[in-house]
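A quick write-up on the structure given underneath.
The values are calculated or read from the model by the stated rules, or taken from the named source; none is laboratory data. All values reported here derive from a predicted model rather than from experimental measurement. Note that each Cβ is placed from the backbone with ideal geometry, even for glycine, and that neighbours are counted across all protein chains shown. Heads up: the accessible areas ignore ligands, DNA and RNA and are worked out on the full protein's heavy atoms, side chains in. Shrake-Rupley method; radii C 1.70, N 1.55, O 1.52, S 1.80 Å.
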Amino acid sequence: MQTDMILPITFSGIRPEEETHVFDLITDAGLSVQDLDSEKLVHFIVARIGDSVVGAVGLEPAGEAALLRSLAVAVKYRKQAIAARLIAAIEKYARSHGVEAIYLLTLDAADFFLKQSYQQI
């Protein structure tokens, strides 16, 4: 029996011992970690199945606006709505921190974000 099939997906901030794993996850998704550090990871949310981190997304707040960044889901867990749930979690986090507008830059995920009600500008 695959235990990841029966364990719930949970969402929370990054634990210090998970930072390297999150960097690897983001890099494996073809995204840059060059400017990420522990201070920026404070505004990240991870998705876990059991004790395994299977997805991550971050926010870079700047007053009432923020940059959404580094949405990544492990290959094994893609196409299971984890990315959409991460987006919902980071949006809730953003609202609770006074963010009124979220922006993002993407080269290859525009269709996904349009489905999540983001608008191209």
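The table that follows gives values for the structure above.
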{"item": "Restricting the range 33-64 to residues that are of a type in the set (A, V, I, L, M, F, W, C) and open to solvent by 30 Å² or more (accessible area, probe 1.4 Å), the residue that is farthest from the chain's Cα centre (by Cα)", "result": "Ala62"}
{"item": "Residue check for Leu71: outside any loop (DSSP other than H, G, I, E, B) and under 20 Å from His21 (Cβ atoms)", "result": "yes"}
{"item": "Residue satisfying condition, being open to solvent by less than 70 Å² (accessible area, probe 1.4 Å), at positive phi and out of contact with any His (no Cβ under 6 Å at 6 or more places or on another chain), within set Ser117, Ser70", "result": "Ser70"}
{"item": "Filtered residues of the range 73-114 (kept if touching a residue at least 12 places away in the same chain (Cβ under 8 Å), open to solvent by less than 60 Å² (accessible area, probe 1.4 Å) and under 16 Å from Ser12 (Cα atoms))", "result": "Val73, Ile82, Ala83, Ala84, Leu86, Ile87, Ala89, Ile90, Tyr93, Ala94"}
{"item": "Positions within the range 6-30 being of a type in the set (A, V, I, L, M, F, W, C) and open to solvent by 70 Å² or more (accessible area, probe 1.4 Å), in sequence order", "result": "Ile6, Leu7"}
